[in-house]
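Take a look at the structure below.
The values are calculated or read from the model by the stated rules, or taken from the named source; none is laboratory data. The shown structure was predicted, so the numbers you read here are calculated from the model rather than taken from an experiment. Don't worry about glycine lacking a Cβ; one is built from the backbone with ideal geometry, like all the others, and counts go over all protein chains shown. These area figures cover heavy atoms from the full protein model, side chains too; ligands, DNA and RNA do not enter into them. Shrake-Rupley method; radii C 1.70, N 1.55, O 1.52, S 1.80 Å.
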Amino acid sequence: MTGDPQRMSIPPTQQPGSSARPPAPPARPAPQGSAPSASGPGAPPQGVQGQAVQGHGAPARRPGGFAPAARAISPGDLERSGAIVSTITKVFQSRVVGQENLRLSLLTALAAGGHVLLESVPGLAKTTAASALASSITGSFARIQCTPDLMPNDIIGTQIFNYGSGTFTTQLGPVHANVVLLDEINRSSAKTQSAMLEAMQERQTSIGGEVYRLPEPFMVLATQNPIEEEGTYVLPEAQMDRFLMKEILTYPRPAEEHEILDRSTAGSLTGPREAVGTVTLEDVRFLQQMVDQVYVDPAVKRYIIDLVFTTRGSGPRPVPNLTQSVRVGASPRGSLALMRVGQAHALLHGRDYVTPDDVRAMRYGVLRHRLVLTFDALASGIKPEQIIDAVFHAVPMP
């Protein structure tokens, strides 16, 4: 196997965030217990905000085969969630030009209660985007510049001996904040990264035998530079898997870069001249609670399982020669991430139920760092996004 993408039946990679569907596969029977689809000929006409239009005396029903019979979230709670998302979006757009995929990824991760790994060459607003998200929340924010000599105690905190009283007092580190920015996380040592692993997964730190809970909400935004490998430590797979999403930033378009220059000359590049508004920590907790209530149909859950199993070389329609390019597929944490991100994506778009398109929308960010490629695939230049597209192309949509 030479890693030839054609032999692996990989379709052309789509742009991140694209929700275009692959060619329609042969239909399969709907899973037991799932509602019939309302799309296609004979479906009830759709009204405003996705409501089915009542006709011929028949009672109105919710559209699609993935919505519950009764609303999972009340209209008032959906409206409040939309207002919170709108406020955060305004703050983000006042600080960052373009980068819509990044904005959606950060908002989705915040609503889902997960962490994000940002990767790009220098100068593409990774740090600016993280601080913009933090500035939209009235919580605490800490920025940690990772270096090879950074020790775990510099992050989580330490005990200080008081000579006057003869006792130790605990001084908490910067990780005890609502939003933590880890700049160039791959420059910190393995020992420091292991301390962050406990904080990210267990939402706690251990100092002098005492356990200290981290504040809620808690979100880590880590950045790394892929072009400078000298003096860096590759993140272990266990820590990579703890990130809900990995977003790769791209260069802005000419019009966006022109706006960056305009903002610089106007003196509004580092921040807006007028305050846009903020949301409270209670609002963020409310948003995360609403994500928990978003309904996931059994057919969508089965779709997620089929996708993850296909990355492992099995599934309903395995991708030919996939195991020769993928050494390790997505773990069960990948299934949980796909579902959780799908719930958050649906809520951000004003729905209380998940569709297959919600699962597809953020597929690159959820899976690109969970696939371990073989040496042949790396030598042939196969990208994780190509493999992800091949998997989604092979698995039939419900």
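With +1 on the Cβ of every Lys and Arg and -1 on the Cβ of every Asp and Glu, and nothing else charged, how large is the dipole of the range 238-392 about its Cα centre, in debye rounded to the nearest 20? Before the final figure, lay out each step's value.
Details: 19 positive and 18 negative charges, 140 e Å.
For this selection, approximately 680 debye.
Nothing charged except the Cβ atoms of Lys and Arg (+1) and of Asp and Glu (-1): what's the magnitude of the dipole of the range 114-218 about its Cα centre? Round to the nearest 20 debye.
Numbers: 6 positive and 9 negative charges, 20 e Å.
Magnitude of the dipole: close to 100 debye.
Given a 1.4 Å probe and the protein chains all in place, what does the accessible area of Arg333 round to, in Å² to the nearest 10?
80 Å²
Leaving out ligands and nucleic acids, note down the accessible area per residue over the range 102-251 with a 1.4 angstrom probe, in whole Å².
41 Å²
Per residue of the range 71-82, in order, report the coupling 6.51 cos²θ - 1.76 cosθ + 1.60 (Karplus, θ = phi - 60°) as ³J(HN,Hα) in whole Hz, putting x for Gly and Pro.
So the Karplus estimates, Gly and Pro as x, are 4, 7, 10, 5, x, x, 5, 5, 5, 5, 4, x Hz.
How much area per residue is accessible in the range 278-398 when the probe is 1.4 Å and only protein heavy atoms are counted (Å²)?
35 Å²
Please work out the Cα center distance from the range 342-391 to the range 303-337, rounded to the nearest Å.
The two parts, judged by their Cα centres, are 11 Å apart.
Distance from a point 7 Å along Cα→Cβ of Gln201 to each backbone N in the range 111-132: keep the residues under 19 Å and list them by number.
So the set is 113-117.
What does DSSP give for the range 135-241 in terms of the percent of beta bridges that are antiparallel, rounded to the nearest 5? Working shown, then result.
On the way: 10 of 19 bridges.
Percentage antiparallel, nearest 5: 55.
Using a Förster distance of 22 angstrom, determine the FRET efficiency expected from the C-beta separation of Val211 and Asn153, and round it to 0.05.
Numbers: r = 16 Å, r/R0 = 0.71.
E(calc), rounded to 0.05, equals 0.90.
Out of the total accessible area of the range 245-398 (probe 1.4 Å, heavy atoms of protein only), what percent is carbon and sulfur?
On the way: 3720 of 6710 Å².
Whole-percent figure for carbon plus sulfur exposure: 55.
On full extension of the chain, what length is gained from Glu256 through Arg302, given 0.36 nm per residue of separation minus the C-alpha to C-alpha distance? Before the final figure, lay out the partial values.
On the way: separation 46, 0.36 × 46 = 16.56 nm, distance 4.02 nm.
Computed gain between Glu256 and Arg302 is 12.5 nm.
With a 1.4 Å probe and all protein chains left in place, how much of the accessible area of the range 96-156 comes from carbon and sulfur atoms, in whole percent?
With neighbouring chains kept in place, the figure for the range 96-156 is 53 percent.
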